[in-house]
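Since the structure comes first, as structure tokens, the remarks are kept for the end.
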Amino acid sequence: MSIRHSTLSAIAHDLPRLSAAAARRVVARPGGAASKGRVLLAALLLCGASAHVVAAPARPRSPDCRVLMTAYTMTTTAASFKATSAATCSFDKGKATANCTIEQRDSTGRTWTSTTETRYRSLDDLIDEAQVVPTLTKWLSSAGTQRAGGATTSGSQVNTYDARGRLLRTDSNPGQPSASKTTFSEWDAAGRPLVARDTGKGFDNRRDIAYDDQVRTRTTRVNGGVVVTVETFDADGNPVRQTARGGNSENTSTFEATATQRICR
């Protein structure tokens, strides 16, 4: 997985695939069912996911190596709520895969565990994501399970790219009742999407994405600003902080790496 949450692509990127009202509930109730779904989605992206561009290199230089988090803690706080996650990840250069396990506990005493596997076309694609920070997206597919309260749920995502390697579409849980899709349009000079449309049963949302390479942030506005998410990354493209605001609610997640792995071609 992006250990989007990198660490291979940042956390649950701005992905409220919800109606405007539901989007507000995600911010106001981070411990609810929608939040648990976001945890699994974040895991799917992390192990491994706007429209004004402040700065984007026209021709990003492909790095020889990439530094990824192999262990980290994530702390999420909101009004009268706190959740702590501990993640461990491993990367198989030969198979070009990333595997992560995330253990989470919140202030109400609930616990759940997510496991994911993210697949790349090649090792080069995994490393090339870090050509620019905030990073590109180049993973092919991700699948995972979440265990909570004696129940197990599963999820999957498949990405489609154009001939230039730009992300065109993400299909989530294809063939399932919960299936949804995200289509991307308009890209910056580095190839990162600026506009996303999330559609599924009961929702149709637009996300506008902006990148500031100087301070390494990605800002996402859902449906014109119903929810605004600001993600901050370190120099290697790993997540450092994410803040989500909607209505009068706000939650903040911070990441602390406890182990890293340098992966080279």
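A short reminder: the numbers here are calculations on the coordinates, not readings from a lab. Predicted model only: the values in this text are computed from it and were never measured. When we count neighbours, we look across all protein chains shown, and the Cβ atoms used for this are built from the backbone with ideal geometry, even at glycine.
Can you find even one residue in segment 123-137 that is assigned to a strand (DSSP E or B), crowded, with 18+ Cβ neighbours inside 10 Å and charged (D, E, K, R)?
no
Restricting the first member to segment 243-265 and to residues that are on the phi > 0 side of the Ramachandran plot, and the second to residues that are part of a strand (DSSP E or B), the beta-carbon pairs closer than 9 Å and six or more apart or on different chains are Gly247/Val227. Scanning segment 196-220 for residues that are more than 19 Å from Thr232 (Cα to Cα) and in a strand (DSSP E or B) yields Ala196, Arg197, Asp198, Thr199, Gly200, Phe203, Asp204, Asn205, Arg206.
Summed over segment 66-95, the residues that are touching a helix residue (DSSP H, G or I) at 6+ places or on another chain (Cβ under 7 Å) and surrounded by fewer than 19 Cβ atoms within 10 Å (Cβ to Cβ) give a count of 1. Within segment 212-227, if we keep just the residues that are farther than 22 Å from Ala257 by Cα, of a type in the set (Val, Ile, Thr) and out of contact with any Ser or Thr (no Cβ under 7 Å at 6 or more places or on another chain), the residue that is surrounded by the fewest Cβ atoms within 10 Å (Cβ to Cβ) turns out to be Val226.
Can you confirm whether Arg206 is buried (at least 18 other Cβ atoms within 10 Å of the Cβ) and among the basic types (Lys, Arg)?
On the way: buried (at least 18 other Cβ atoms within 10 Å of the Cβ): no; among the basic types (Lys, Arg): yes.
No: the conditions fail for Arg206.
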